[in-house]
Amino acid sequence: MRRHVKFRSKSPSAALLLAGVFALSAGCSVDDPALFGQERTVSTDPGESAKLQEVESECKNPSRADDISEQLLRLVNFERFEIGGVDLDSELSAVAADYACSMIDGHFFGHENPETGEKLLDRITASGYVYITIGENLAAGLTTAPEILDAWLASESHRAVLLDPAFTRAGIAVRHGGEYGVYCVMLLAEQPS
């Protein structure tokens, strides 16, 4: 008898946008990336061993992803000129990239993974990232940094996340795939001093 179990990372119109700011007084991994996009076939027949098969993810890191992320960071910092800019944080960017791929591979768009129920605070806590306050902006279907920023600034909740003076760190990921073609995740954080 064989059972087929698929393991996926649990991590998290012209444009779909959602924003959220969550505050907590401490935070602490995105699930093991080694399990992301893999399937495991388990046999209950005696003498037969379990097999691990790689399944290709729909999520792609486009050649221009870093350029778009860097441009978006510059544009955000221009908007934040009077309150202070944010520095790019590789740990936050990794969490953002994982969640962008989760949305693409899971065929959803939103701050909560409908398959796992995982939300921003769950993803950040699982990553081990230490924070005081955390915020998240999402975009889908927009292909340039100016389009993404303009859409976020046109939304009161997105604008509030971008212009919160408490935030000093940012993680940005742009990924291709899924229903909307391009997914962008920006995480903003305040860390303890």
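The values are calculated or read from the model by the stated rules, or taken from the named source; none is laboratory data. No experiment lies behind these values; they were computed from the predicted model shown. Please note: Cβ atoms are built from the backbone with ideal geometry, for glycine as well, and neighbour counts cover all protein chains shown. Surface accessibility is based on the protein's heavy atoms, side chains included, excluding ligands, DNA and RNA. Shrake-Rupley method; radii C 1.70, N 1.55, O 1.52, S 1.80 Å.
Taking every protein chain into account, the accessible area of region 141-193 amounts to 40 square angstrom per residue (probe 1.4 Å).
Once the other residues with Cβ under 14 Å from the Cβ of H158 are scored (Lys, Arg +1; Asp, Glu -1), what is the net sum? Show your work: numbers first, answer last.
Values: positive: R80, R159; negative: E79, E136, E147, D150, E156, D164.
Local net charge: -4.
Taking a Cβ cut-off of under 14 Å around N77, the surrounding Lys, Arg, Asp and Glu residues balance to a net charge of -3, with basic ones at +1 and acidic ones at -1. Figure note: F108, F167 ranked by solvent-accessible area, largest first, 1.4 Å probe, ligands and nucleic acids not counted: F108, F167.
A cut-off under 10 angstrom between Cβ atoms defines the neighbours of G141, and their net charge, with Lys, Arg +1 and Asp, Glu -1, is -2.
Across E190, E156, the residue with the most accessible area heads the list, and the full order at a 1.4 Å probe is E156, E190. Remark: accessible surface ordering of D122, D98 (largest first) is D122, D98, probe radius 1.4 Å. Using alpha carbon coordinates only, what is the Rg to Rh ratio of region 127-180, with Rh defined as the Kirkwood radius? Radius of gyration over Kirkwood radius for region 127-180 works out to 0.99.
Using 1/(1 + (r/R0)^6) with R0 = 45 angstrom and r between the beta carbons of E179 and V130, what's the FRET efficiency to the nearest 0.05? Efficiency at R0 = 45 Å is approximately 0.85. In this view, the solvent-accessible surface of L75, computed with a 1.4 Å probe and all protein chains in place, comes to about 50 Å².
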